[in-house]
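Worksheet for the structure shown next.
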Amino acid sequence: MLIEKYRIERKKDGVGHVTINHDVVILNLLLNRATAEGIISKNSIKDVKPLKIGSKRDRVLSDTETRIC
């Protein structure tokens, strides 16, 4: 599928999953609109699942936690 090739190329370029997912959402919206307007017969990416996003986050210790250390 063409959308998978697009995702692979974007990953190779160092683009993050959030950005790639955002791109696909925008494309999906455009294709939905084109379908509604009769420009195309169907949205071929409507069932594409988003890429998984890791939950990387720096955690800040509370005052109590810093006293324990």
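The values are calculated or read from the model by the stated rules, or taken from the named source; none is laboratory data. Note that the structure is predicted; figures quoted are calculated from it, not measured. Glycine also receives a Cβ, built like all others from the backbone with ideal geometry; neighbour counts cover every protein chain displayed. Heads up: the accessible areas ignore ligands, DNA and RNA and are worked out on the full protein's heavy atoms, side chains in. Shrake-Rupley method; radii C 1.70, N 1.55, O 1.52, S 1.80 Å.
Among the trypsin sites (Lys or Arg not before Pro) in the chain, which ones are in a DSSP loop with at most 12 other Cβ atoms within 10 Å of the Cβ? Mind listing them?
Sites meeting the loop and neighbour criteria: Lys42, Lys46, Lys52, Lys56, Arg57, Arg59.
Label-point separation (nm) for Ile40 and Lys12, each offset 7 Å from Cα along Cα-to-Cβ?
Reported label-point gap for Ile40 and Lys12 is 2.3 nm.
Roughly to the nearest percent, how much of the accessible area of the chain is carbon and sulfur, given a 1.4 Å probe?
C and S atoms contribute 56 percent here.
At 1.4 Å probe size, with every protein chain present, just tell me what the per residue accessible area of the chain comes to in Å².
89
Rounded to a whole number of µm²/s, how large is the Stokes-Einstein D of the chain at 25 °C and 0.890 mPa s, given Rh as the Kirkwood radius over C-alpha pairs?
Rounded, D is 165 µm²/s.
Measure nothing fancy, just the Cα-based angle from helix 17-36's long axis to the longest principal axis of the chain, in degrees from 0 to 90, nearest 10.
For 17-36 against the chain, the angle is about 30 degrees.
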